[in-house]
Structure formats: structure tokens, C-alpha cells
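Right, one structure below, let's go through it.
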Number of protein chains: 4
Amino acid sequence: MVMQVCDLPIPKKIRLAIKNDEIQRTIIKVNGTNIGGEHVAVMAGPCSVESEEQMIQAARAVKDAGAQILRGGAFKPRTLPYSFQGLGEEGLELLALARKETGLPIITEVMSTEDVDLVEGYADILQIGARNMQNFSLLKKVGRASKPVMLKRGMSATFNEWLGCAEYILSEGNPDVILCERGIRTFEQITRNTLDISAAPIIHQISHLPIIIDPSHGTGTRSLVEPMAKAAIAAGADGVMIEVHPNPEEALCDGAQSLSPEEFKYVMNGLKPIIKAVNRRL
Amino acid sequence: MVMQVCDLPIPKKIRLAIKNDEIQRTIIKVNGTNIGGEHVAVMAGPCSVESEEQMIQAARAVKDAGAQILRGGAFKPRTLPYSFQGLGEEGLELLALARKETGLPIITEVMSTEDVDLVEGYADILQIGARNMQNFSLLKKVGRASKPVMLKRGMSATFNEWLGCAEYILSEGNPDVILCERGIRTFEQITRNTLDISAAPIIHQISHLPIIIDPSHGTGTRSLVEPMAKAAIAAGADGVMIEVHPNPEEALCDGAQSLSPEEFKYVMNGLKPIIKAVNRRL
Amino acid sequence: MVMQVCDLPIPKKIRLAIKNDEIQRTIIKVNGTNIGGEHVAVMAGPCSVESEEQMIQAARAVKDAGAQILRGGAFKPRTLPYSFQGLGEEGLELLALARKETGLPIITEVMSTEDVDLVEGYADILQIGARNMQNFSLLKKVGRASKPVMLKRGMSATFNEWLGCAEYILSEGNPDVILCERGIRTFEQITRNTLDISAAPIIHQISHLPIIIDPSHGTGTRSLVEPMAKAAIAAGADGVMIEVHPNPEEALCDGAQSLSPEEFKYVMNGLKPIIKAVNRRL
Amino acid sequence: MVMQVCDLPIPKKIRLAIKNDEIQRTIIKVNGTNIGGEHVAVMAGPCSVESEEQMIQAARAVKDAGAQILRGGAFKPRTLPYSFQGLGEEGLELLALARKETGLPIITEVMSTEDVDLVEGYADILQIGARNMQNFSLLKKVGRASKPVMLKRGMSATFNEWLGCAEYILSEGNPDVILCERGIRTFEQITRNTLDISAAPIIHQISHLPIIIDPSHGTGTRSLVEPMAKAAIAAGADGVMIEVHPNPEEALCDGAQSLSPEEFKYVMNGLKPIIKAVNRRL
């Protein structure tokens, strides 16, 4: 159909992150899970790594419900220096332990050039957070890493700026970049952010990179995770990232948007008919 | 599930537009079509009424493809006074003719308190455009009309401001208010607006009013209409409003976001599995 | 100096509101006060007309302190229908009484096409509020009025959209349009709006119309009125609009941003050295 | 006056960056220039260091016109990896040479934790750019440096977020933090950013830290630098940062907003009456 052809303006100065004669679609393999192909990838886990018990419980719960990748933050970007900053290397070790217990590959954030080697030693996917989207030194450094990188969109970034940041990583030689929409800042005050679902079809028209959508940070509201995760998949996203905590009320970070294991199972069941309706599979 | 309970702050000063003991869900009946219940309502047609031939062709095309309500603008809000301002009353007559030919009820915009009686004489649903969302004189006037009113969200309006405007209509005695998300203004420049899909679950949690989503204005981009219409329905919207023109290249207004009849039929077919997946029907 | 030449893009489709061979600068005369020339115009008074005593006190206070034009709202655009909506025609009569007492010309808002004739019968300047900036029916109607019109900028409007709205008024035959910047919506939450001081030099480069700046609505914060009024004049604004209430704590509307008569006198004294520094006079 | 008391909400979790019993106003001394007291500080120079000739010419020109601090970027944050990234250490050496020639202290950006020691070895003030405002690792590192830090506001940052970032630096032990407003992102498209002049009075009410305003990045438009610099000083800013290039047409970066030496001299002369009107001095 004519309608299917891209009618968006293609950024002229971006070379590697846009579709081209060589690459129409990048599929990234992580421990047997494909990100970017027919499958819908589900990344789930707590906002931050807090303890061994919490991580093991969370890892088992998200695996049971069907998630393929475990998330958890060891280095946390916080608005104030007095907030919990994450367990650091101890957190990375707990993530590795949870991977060993469940077999799930792990994704975790790296915030500093000086920590890239350390985090790369533990993680299966390196995450760059929204606040560091244009931390160009960090982008160059993870562009020389040997692990895939998931680049979250900045809170007020345009699509072209975001792709320009992916270009920084790609141009250093790392071909495995995953984009992640996590909500943009708008005037709305009853939600934490406004999740831009159009990121999925727009990125797919312009770029060959896979696009994940994070309805947890994107709304900041537990009850909105399910409908927005459905919307993400209906719009063509290659996966979703969802915060799950064994005990959301006691979470050290972002409890209001975290699902309990039971709620996550419910959401996963709700997603299945949508995944099928768009001819994809978990 | 706990998750299903509303965890959003309920605006305290809004009385009629929020859920309450008497009303949990408003269903509005328009010529046999229900807006707000199990059905997904599809409103379709050209941005502006241009000629008899155009309207009859458009009406037949959208009916054939399964739309239940015909849209078309006779009074057009344009950024500059030199742009086509709509056919006015002649346009209303052509809409009435298209209704007679196809049986489809019609929705059309009213821009001025002085035109409310005139437009009410022709239309089945009165539309208030985004730029007039806080035109309080107009809201009060349509609040005294006997036809349902579809209130589009202002380009930078918060949910509470939008519900406050619905309250203006409701408090004048008109119980039939439909809300319509049509894209908010963001920093993005490759699309006309950013469609806020979260409007569907958020409005459903706070308010009893039905919520329609307009992916045509919401993206301004033909190729994004299908994925974003799917996302809207997956997120729980009560319907979609889609621009269809017999010949988009020759449209006097918004051609870049209008679908041809063939494209619209393709989109409608694409929506069906999603409608089924969320247990609703056309 | 090269620097003084306009290096901003001139909107191509706007004809009357931009500088042209015939008009480089419009000066509007209102009861002996010039708006747009060497003088700096000061419009002051309460947000809304509340009573005879309040208006007479306010009018005397602002005249004593050096204001040349009296403001006061008889028709108030409010977010909710249950808030005080203004005294209507009674308010207009009180404004006329205050004018008679003090000799100050009056500016007041008109919100509906149906009220234009009424308001025109009382006011010296018709004000169009931010929420009605793109109420095109209202713009056309005041474009046929015989009084000057002050057009406030919409909360999220671009300069070109704003000038397009001025064009609506001008193209109907009314040459006396004053622009008023009153703060734009941003992500900031500790102020009501963000006052865009650059409106003064930008409008002066592109347009021949006078530009007034409103630091009261523009900040929503009493203590910010003085520094922002100074900034407005330093940047070249043709005047300021300031809210003054005989008793701000008891104001029915916008008390937090209203100055007491003493505070207003203090602000006026603070403005004088700046007015002199930019070679203008009150 | 009552009006002078702060009526803005004070962020409760910020301890060091807000006014307190011990500190009402921080004055930072840099090579005999005071930032934050009676003086108005002028920082000027090219966007990026390009060559010895360019830097020496720029340094002499800005000194002659009255600037007290020389700016120039050796490490440049650019949207795309293919744009000029700055001369790096060679650029730092050229800055040091220009300082030697003119006696002007130098301010330059540091983008990476790994470069902090290097840049600290050359610069008199370390600059953190807008894109790195929430690069918390970098903030902690410069918080342990022995040179003052100028922290630019992020493009969409609120005041509290900005102060939270200053808190990161202060809490590591560096008391010399200067804040710099450089324009926020808005919907306006004819300017690069919208300069938020209210940053000056707001920061002065809440915080003891000095506040500089950058009308060059804040507008992106040469002709707007003078009126907006005047506005900044009228509103109480402790200084301005202005881009000056010996030959703006040939600048490798940001030429459209750079002033020539003659234009800069003209601007400086224009600022003098405003500086005097607010009882300050260069």
C-alpha cells in the first residue's frame, strides 16, 4: 500500500542509524532472545537492585510470567544526592546471581565512562538512561563495548536528536543499539511523563534499530502500565520494559509505578491477544 | 485486581465530568450507533466539505469500509484569514445530503456562539475544536443545545483543564459530551502533533465520558494513522476519528494526513483483530 | 549596525501585521496616551471588577502612581464554571464610573462575539484573552469594531501563530492592534507561567505593532513583578500591564500576583531609571 | 517591602544550594573579578577554540570592550558525531596562551569525568553544559575539583532540578557554583531557544548562588543578544555570557549567534546605562 511507504522526513546527516541499502532491520540476539524480529521482547524487574532476596524473587517472578530479560539498576541517577544511589558493584553481583538462578540475561544502567568496563563485565545489555542520552563521552565509550546498548530517549529529545545519539554509538563500531521510549515531559501533571507511543512506528519507518517501550517510567502510574503496554505492542514496538518488584510498597525507588508479581502476570496475560493480533509472538 | 483501581488524583472541583455514584459510564446513542459502550465507533470523512461530489464519494467510501459516523468541516478554523475558511451553510447542506444518501449521522464543527443554532439544525454531533476548547462562551452555548457535543482537547491542555471544559457543557444541562484526543503540541518537528494515547485509560479511570482518539490530526502523517489507531483501540479508546478524502492529493485542507478510500479500507481491516483482542466490536 | 537588521525569518503569508514599506511602526492613541511610540504605557488595575469601592480605590491608586490606563475584568475566563465569572455589564458600568472619576481610559476583556457591541460601548481598548487567541470568530468581530484591540498571546502559541491572529483583526479593517505577552506554558511549576521577554525585540523586528508585557500573569508571583517589568522595558517593550488590587488578600481572582497600591508605587519608582536608560519616558 | 520577601516555594530537600542562616549570597572571586556581588560579570569569547590567531584576536577584542572573563570551547558537545568536536587539549593550550596575552581568566567546558583533571589544569572556571546538567557522575567529580564550576541549566529542566544538580557539586565539597541560564526549549521555532529571564530573580530569591545569563545560546540570534542582555541585567542577573568571534561568518560553530568585535563593543556600550540604572557596575 502507498500508505506503508515512509512519508516522514529522513534526517540527512545521519548515516548508520537510518535504514539503508544494507540494513532494513537489525535483530539483536541476547542469550537466545531476539530483539527486533518477530518476537516481542519483555524486559522486567525492579527499578533498583536492593538485596539478594529481592532480586531472586523478582527474577523468578518475571521469568514465570514470561519475561525473557531481567532488569535492575545498580547505579541509579537520582535528582538529589541524598537519595539512594544504588548498590554499585554489589548490585551488579546480585544481578549476576539472579541470572545464574534463572538463566535470564540482564540489562542494567551505566552512568559513567569510568564504570563502563565494570558494568560490561556483568551485564548482557548496557542501558544508557534518559538523562545521559546526550552524554556524548559515555556514548562513545559504550560504542566501543562488546555488549548491546539500550539507549533511552531524553525527556525532551526529538527523534532526530535521539537517532543522532544512536549514531554516536554506532559510529564507534558497536552495531547493536536498541532504542527505548520512556515517556516525554509534557505539561501534564497527573502522570509522571507522557508515553509517546508513536515512537514505535516512527522509528520503524526511519531506522533499522529495534524499539522498546517502557510504560512504567512512561506513565509513572501502576494502573496505566497494562493499557499502555498493549498500545505499544499494537503500534509495533519490538518489546516492552516493565518494572516489577516483589513488594512495591517497600521499593526504595519508583514504587508507585512498580507492579507486584501477580499484577505482572495479569499484564502479561493481557498482552497475549494483542501480540497475536499483530502477528507476533513472545 | 488492585492494579485496576484508579491510582490517579481525582480533580476535586469537578463534579459532573468525573465518575460518581450515579454514573460510571456514559453511553451516547446517535442514530443507532453507541458511543462509549462495547462498540468501537469509527468517525471518518474529509477534513473540510468541498463539493457535493466529494462528500457523496467520501460518505459512500467510509460507509463501505465500516465507519458509522461521517465527519466533514463546514466552518474551518485556520491559522491565517487567507486560507480556505469552509463553505459555511452550504457545507452543512452538503453534509445533510450525504447523510440522506448513506444514512450515516454527521459530526461537524461549530466555531461561534452565533452559529450554534444553525449547525445544530443540521448536525447529529456538534464538534468543538482544539483551539476553542477554552472558549467558555461557546461551551455554555452548546451546553444548552439538544445534540451531543464532541470536545477536542486543546493542544497544550492538561486532563484537568479538559475535564473542566466538559464540566462547562455538562453544567448547562447537556449530558452528552464525548471527549476527543487529537494530539498535543510537543517539541517534535517531524510530526504535526504527538498523539497522547494515554488519554484513553486516563479518561476512563477518572471520568464516565466516552473518549475518541484522532490519529489523523494527532500525527499529521498518513503512514502513522494505522499503527496509532491500533494503539488507541488497544489502550481502550471508545472510537477513532480518521480523515478520508476521495482524492487526498487535491484536498483543500490537511491532505498529507488524509487517507484515500482504499487506504481507509486497509486500515479498517487492520483494526479488526485489535478490536477483537480487546473484546469489543465495531 | 549590521546587528540591528532583522535576522529572523519573516512569515511569508502574513501581510498586514508585518513591517512593510508603508508602516514601520504603529502608534495607537488612546485618550491622549500613545501606545507604541517613545512613551512606555502602563496599564494597571485589578484582575476582576468586584465593587464600586474596589474599582474607585484601584483607579485612584494606579493613577497616583503614574499608570495611564486602567484595567479590570467584567467577563472572566475561568477554568471551571463554578468560579467567579465576573460581574458582566454591571462590571462595565463600574469601569466607566472609575474612568469618569479619574480620567483614565479603560481596557477590559471581551469573551464572546455576542458581547462585542456591549463591551465596545464601554471600553477604550478591547482585550482578547490568551485562551481566545485563536477564537477566529471573535477576532473577526473585533476586527470590525471601532476601538483598539489588545490581543494576548496564547499559552503555547508561536510568534507566527500570534501574528496570524493579529492578521485576522487587521484584515477586517481594524488597524489598531496591540500585542500582549502574558507568559507561556513551560515545565516550570514554581511559577504560573514563564514570561517570554524576547517577545519585545522579536515583535519589534518582525512587526510594526506595539507590544505590551504582562509580568503579573506572566509569573503569577508578586515578588517577580518588579524585576520582570524592568526586564520587559529594558528589552524594548512598549509598556507593561500590572495587576493592582486595593486589598490583594481579599481579591476574588489572582490575589497571589496582585500588588497592593504601595507595592505598585514602589514598582513604578523602580521602573523610572530603566525607562530613562533606554531613552524612553512614561 | 512585603513584596521583596520570597513568595516562591522553597525546595525542602535541598540544603546547600538554598539560602540559609549561614549564607545569603555567595560571591566567587576569579582572578580579581567578583561573580555574584555588586559587579556585573561579562564572559565573552568564541563558541569553540579554532586557532591561535582566532583566540588571541577574540581575547583582545573582548578585553578591549570590557569583558572580564574569556570563554572558548575545547571540548564541544555536538548533536552528531560528524560535526567538529573541538580541538581538545590543543584548545586548552590556546586558551592558556590567550590568558597569558590578555590576563583574562578562562572558562571552558568539561564533558567527561575522565577529562576533569586535564581541564582543571588549564581553566579558571569549569563549565558543565546543558546536556550534562544531570550527568551526576560528572557533577560529583567537579564537586571534588578546586576550581569554580558554572552549571548550565538543562534545556527542559525545572528550577528545582537545576538546584538539585548544584547540590550534587556542593555536597562533594566545592562551594563555588555559578548557575547559568542559557535558554529553555519551547515550541517557538524562529529562535533556537527561549531565554528565561525570570531565572535571575527566581534564583536570587531561593538560592545564594550567583546567576549568569547567556543571551547568545538563549536566542541563537545575533540581533537579539543586546536587548536580552539588557533584560538580564535589569532583572538582576550577576552577569552575562556572550559569544564573540573575530569573524562570525567563518565560525566553525554557532556563527549565527556570534557577535563581531564591533558588535560586541556596541552591545557593551548599550549595557552600561542599564547596569547603572540597577545600581551595579562592570
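In table form, for the structure just shown:
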quantity	calculated
Filtered residue count, the range A:172-194, keeping only those that are within 7 Å of chain B (Cβ to nearest Cβ) and of a type in the set (A, V, I, L, M, F, W, C)	3
From the options C:Glu243, C:Glu263, C:Glu226, C:Glu249, residue that is free of Cβ contacts under 8 Å to residues at least 24 places away in the same chain and either touching a strand residue (DSSP E or B) at 6+ places or on another chain (Cβ under 6 Å) or under 21 Å from C:Ala58 (Cα atoms) (or both)	C:Glu249
Helices (runs of 4 or more DSSP H) wholly inside the range D:215-282 that include at least 1 residues being in contact with a helix residue (DSSP H, G or I) (Cβ under 7 Å, 6 or more places away or on another chain), within 7 Å of chain C (Cβ to nearest Cβ) and farther than 19 Å from D:Arg71 by Cα	D:222-234, D:261-277
Counted residues, the range A:254-272 - those being crowded, with 19+ Cβ neighbours inside 10 Å and either touching a Gly at 6+ places or on another chain (Cβ under 9 Å) or not hydroxyl-bearing (Ser, Thr, Tyr) (or both)	9
Every residue from the range D:44-71 that is out of contact with any helix residue (DSSP H, G or I) (no Cβ under 6 Å at 6 or more places or on another chain) and surrounded by 21 or more Cβ atoms within 10 Å (Cβ to Cβ)	D:Cys47, D:Ser48, D:Glu50, D:Gln54, D:Ala58, D:Val62, D:Ala67, D:Gln68, D:Ile69, D:Arg71
Residue match in the range B:108-117 (condition: of a type in the set (D, E, K, R) and buried (at least 23 other Cβ atoms within 10 Å of the Cβ))	yes
Number of the exception - D:Thr219 against (1) without any contact (Cβ under 8 Å) to a residue 60 or more places away in the chain; (2) more than 25 Å from C:Glu226 (Cβ to Cβ); (3) touching a Ser or Thr at 6+ places or on another chain (Cβ under 7 Å)	(2)
Sole exception among (1) facing chain D (nearest Cβ under 9 Å); (2) in contact with a Cys (Cβ under 8 Å, 6 or more places away or on another chain) for A:Met150, by number	(1)
Which listed residue is within 29 Å of B:Thr191 (Cβ to Cβ) and out of contact with any Phe, Trp or Tyr (no Cβ under 9 Å at 6 or more places or on another chain), from A:Pro215, A:Pro261	A:Pro215
Breaking point among (1) in contact (Cβ under 8 Å) with a residue 24 or more places away in the chain; (2) within 14 Å of chain B (Cβ to nearest Cβ); (3) within 23 Å of B:Gln85 (Cβ to Cβ), for C:Leu126	(2)
Hits in the range A:237-253 (condition: crowded, with 24+ Cβ neighbours inside 10 Å and either of a type outside the set (Gly, Ala, Ser) or over 19 Å from A:Gly72 (Cβ atoms) (or both))	A:Ala237, A:Asp238, A:Val240, A:Met241, A:Ile242, A:Glu243, A:Val244, A:His245
Residue within the range D:32-43 that is surrounded by 13 or more Cβ atoms within 10 Å (Cβ to Cβ), modelled with pLDDT of 95 or more and either over 14 Å from D:Ile212 (Cα atoms) or hydroxyl-bearing (Ser, Thr, Tyr) (or both) present	no
Residues of the range B:9-28 satisfying the condition of being at pLDDT below 95 and of a type in the set (A, V, I, L, M, F, W, C)	B:Ile10, B:Ile23
Residue that is farthest from the other protein chains (Cβ to nearest Cβ), among those in the range C:91-119 that are of a type in the set (Asp, Glu), in a helix (DSSP H, G or I) and touching a residue at least 24 places away in the same chain (Cβ under 8 Å)	C:Glu101
Qualifying positions in the range C:79-90 - of a type outside the set (Val, Ile, Thr) and either free of Cβ contacts under 8 Å to residues at least 24 places away in the same chain or surrounded by fewer than 16 Cβ atoms within 10 Å (Cβ to Cβ) (or both)	C:Leu80, C:Pro81, C:Tyr82, C:Ser83, C:Phe84, C:Gln85, C:Gly88, C:Glu89, C:Glu90
Test: residue in the range D:195-206 that is facing chain C (nearest Cβ under 9 Å), of a type in the set (D, E, K, R) and within 23 Å of D:Gly73 (Cβ to Cβ)	yes
Answer from B:Val49, B:Val62 - the residue that is under 21 Å from B:Glu262 (Cβ atoms) and in contact with a Leu (Cβ under 7 Å, 6 or more places away or on another chain)	B:Val62
Residue in the range B:97-107 that is hydroxyl-bearing (Ser, Thr, Tyr) and at pLDDT below 95 present	no
Hey, A:Phe75 within 14 Å of chain D (Cβ to nearest Cβ), surrounded by fewer than 18 Cβ atoms within 10 Å (Cβ to Cβ), in contact (Cβ under 8 Å) with a residue 40 or more places away in the chain and not charged (D, E, K, R) or not	no
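The values are calculated or read from the model by the stated rules, or taken from the named source; none is laboratory data. Computed from a predicted model, the values in this text were never measured in an experiment. So basically every Cβ, Gly included, is an ideal-geometry build from the backbone, and we count neighbours across all protein chains shown.
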